[in-house]
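The values are calculated or read from the model by the stated rules, or taken from the named source; none is laboratory data. Owing to the predicted nature of the structure, the values given are computational and were not obtained by experimental measurement. A quick note on method: Cβ atoms are made from the backbone with ideal geometry, for glycine too, and the neighbour counts reach across all protein chains shown. Accessible surface is based on the protein model in full, side chains and every heavy atom, while ligands, DNA and RNA are left aside. Shrake-Rupley method; radii C 1.70, N 1.55, O 1.52, S 1.80 Å.
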Amino acid sequence: MGAQGGQIKTDMVQMNIPPGALSETKPITIAASTRKFPPKILVAYEFGPSGTQFKSPITVTLKYDPAKLQSKSHEKNLVMAVSDDGKQFIPVPSRVDMSSKTVVGNLTHFSAGAILEPEEPIEVPPPIEVPPPIDAQPAMEVSPPIENSPCSGDRTDQRHATVCHTCFTR
């Protein structure tokens with residue numbers, strides 16, 4: 001992904017990067033986090049390259065499974081949060097869409113991104129919705145993981161982006 005911006009989609013994550021948010025071309029990675037988090041973290045992803053800073057916020061949409069909620073009454077309180085150390089999560093501007101079972105939020109840098117399930121509402125500003133650029137490349141759809149197909153982790157392999165859902169790289 002480069003300065004022109006664009007959109008990346010997996011079955012659980014959508015990322016809209018506005019034009020000019022990146023100053024140089026970078027391989028964007030999305031991987032389900034394998035870290036152990038407290039129960040109030042509903043779902044977490046590692047976005048990379050870790051530490052990448054954006055000149056303007058990007059919009060990230062994360063899907064969630066309502067069956068994994070600790071309490072159905074908490075669904076309206078879901079917020080997106082980020083963590084640079086995997087321990088402390090900081091809420092970011094976000095909103096929950098209970099009809100599509102997604103949380104939409106803004107990120108200004110890459111680190112671990114998660115959906116936080118607080119018992120009580122946390123006040124966060126609404127996100128700035130970044131539409132995909134009109135002249136950008138079409139979104140790359142990532143197919144679900146192939147059964148019994150372990151990832152080699154070799155991101156230089158051209159087949160990697162089309163077969164590896166866990167380590168999707170663009």
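Numbers for the structure displayed
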item	result
Tally of residues being more than 14 Å from Phe47 (Cβ to Cβ) and in contact (Cβ under 8 Å) with a residue 40 or more places away in the chain across the range 61-74	6
Candidate set: the range 75-125, residues that are closer than 22 Å to Lys36 by Cα and free of Cβ contacts under 8 Å to residues at least 12 places away in the same chain; chosen: the one most open to solvent (accessible area, probe 1.4 Å)	Lys87
Conditions (1) assigned to a strand (DSSP E or B); (2) in contact with a Gly (Cβ under 9 Å, 6 or more places away or on another chain); (3) closer than 19 Å to Met12 by Cα: number failed by Pro127	(1)
Selection count where residues are under 12 Å from Pro118 (Cα atoms) and more than 15 Å from the chain's Cα centre (by Cα), scope the range 43-89	9
